[in-house]
Each structure stands twice: as C-alpha cells, then as structure tokens.
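Novice: Supplied in structure tokens, the structure appears directly below.
Laboratory data are not the source of any read-out in this text; all were calculated from the coordinates shown. A quick note: this is a predicted structure, and the numbers were derived from the prediction, not measured. Cβ: placed from backbone, ideal geometry, glycine included. Neighbour counts: every protein chain shown.
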Amino acid sequence: MRIAELWRYPVKSLQGERLARAEVGTEGLAGDRQWALFDVESGLGLTARRVPDLLFAAGRVRPDGQVEVVLPDGRVTAEDAVLSAWLGRPVTLRAAADAPGDRRYENPFEVGDDDEEGWNAFTGARGAFHDSSRARVSLVSTGTLGTWDRRRFRANVVLDGEGEDALVGTRVRVGDAELDVVAPIPRCVMVTRPQPGGVGRDTSVLRTVHRERGGMLAIGALVVRPGTVAVGEELGGGG
C-alpha cells in the first residue's frame, strides 16, 4: 500500500493540516494533538463528541512552532478570551507539555438518530492529547473508507489500497519510521458529526461501522523508531 495522504490535527477535535512530509516521533506526527481546549469550570478536555462546533474551526502550527486557531468566520487567534466568546463558555487552550496529570474527556452512553444520552467521563493518554495511549499514529486505507469522507475518521495516514486490518500485530515501515501496529481503532459518535464542506450529520455511519466491522475502523500504532514519512512512499515490513 502507498501513502496517499498525511494529516496532523494540532488542536484536538479541530480540523487539521494536510502535509506532504512529516516527522514522526514517539508521540506521533510532529505537532499532532499537541494542543487541546479545556473547559475552565469543569476541567474537562473538549472534543467534538460533546461540542460539535469544534469541527468548524481549524488548528495549524505556525513557523515558530506555536499553534493558532482559524475560527469559522476566518479570524485567526490563540487567545482564550476570543475562543471562549466563540464557544460561549470559558475555555483555555493548553499545550500537552503544560497539561500534566489526568486528561478527562466525555463519551455518550447512547447515540440516537436525534441526540446522544448519558455522558461518561474517561481518562485519555498522557503526552499528546490522544484518547488512548495505545495509538500514537492512525492509519486507514481508501478501500476501507469507500465512499465515506476520510475526514470523519481523522487518520494520520491514508493508504491507497486495502487490507490494513491484517497489519495488526505486526511492525511496518512508513518512510524511515517504524511502527508497531497494536490494535484496530474503536469508533464513537465523532464519525457522525457535521463538518465544513458539505459533510452532514449522519448517524448511519456509526451504525454501519458497528454492524459490518464490529465497531472498529482504521488501525492504531505506536512508534518504535522515529523518522520521516512522505506522501507517495510505500508501506513496508518492519525490520
């Protein structure tokens, strides 16, 4: 399989950046999930599971290595006051390095056609703001995606072809980085959320993933050897 697209998502649950080349470190693609918005009053990290509006803003890494948020109206900011006014609640933008301790997020117990019910808090990974410490790089193939918009699944690496599920339990090379493919990725209400560019709310996506794929789509990997990866390179076997 060939690498068709590379993506990083600098701010958790915001739109990301499509890259031609990326450095891969122990926490994943450089700049990926290195910032997140936190609710000041509850202390919970915000995701588009609970706050779908997040997906209508985008995070991007500046040349100096800091982050900025492009709001739906085109304003560019990293100021908590501006972000709080946009979301209608006090929020703060935190870097992973400045957020020690447990990171708590929310998941709904049930996903219906009209709404979600019964929210449950869970603890995410340390380091970069991934939901789970079992996946620092996510990969999915065009064959698995089919007609679904790949942005629903927020994978770092989109592969031409099919068959990534068979890689679970193996080591693979992407560029000169080496990954330990640990597990398939369980899917939640995030995949149903509307996004810019005509991606509408669609609860059938999650139902189909559960019915046809046991609730899993894409694969998660840990980084065994850091390196550089670029679009067009072939996925190889590990050393």
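Novice: With all pairs of different alpha carbon atoms counted, what Kirkwood hydrodynamic radius in Å does segment 1-117 show?
Specialist: Evaluated on segment 1-117, it is 15.3 Å.
Novice: By counting other Cβ atoms within 10 Å of each Cβ, how are 129, 38, 56, 109 ranked from fewest to most?
Specialist: With the sparsest Cβ surroundings first, the list reads 109, 56, 38, 129.
Novice: Can you tell me the order of 17-30, 221-234 when each peptide is scored by its average per-residue count of other Cβ atoms within 10 angstrom, highest first?
Specialist: Most protected by this proxy first, the peptides run 17-30, 221-234.
Novice: Then there's this: Once each part is reduced to its C-alpha centroid, what is the distance from segment 28-106 to segment 186-220 in angstrom?
Specialist: 22
Novice: Enter the per residue convex hull volume of segment 2-237, computed from alpha-carbon coordinates, in Å³ rounded to the nearest integer.
Specialist: 125
Novice: May I pose another question? On alpha carbon coordinates alone, what is the Rg over Rh value for segment 1-67, Rh being the Kirkwood radius?
Specialist: 1.02
Novice: Please sort by residue number the trypsin sites (Lys or Arg not before Pro) in segment 129-225 whose DSSP state is loop and whose Cβ has at most 16 other Cβ atoms within 10 Å.
Specialist: Filter output for segment 129-225: 134, 201.
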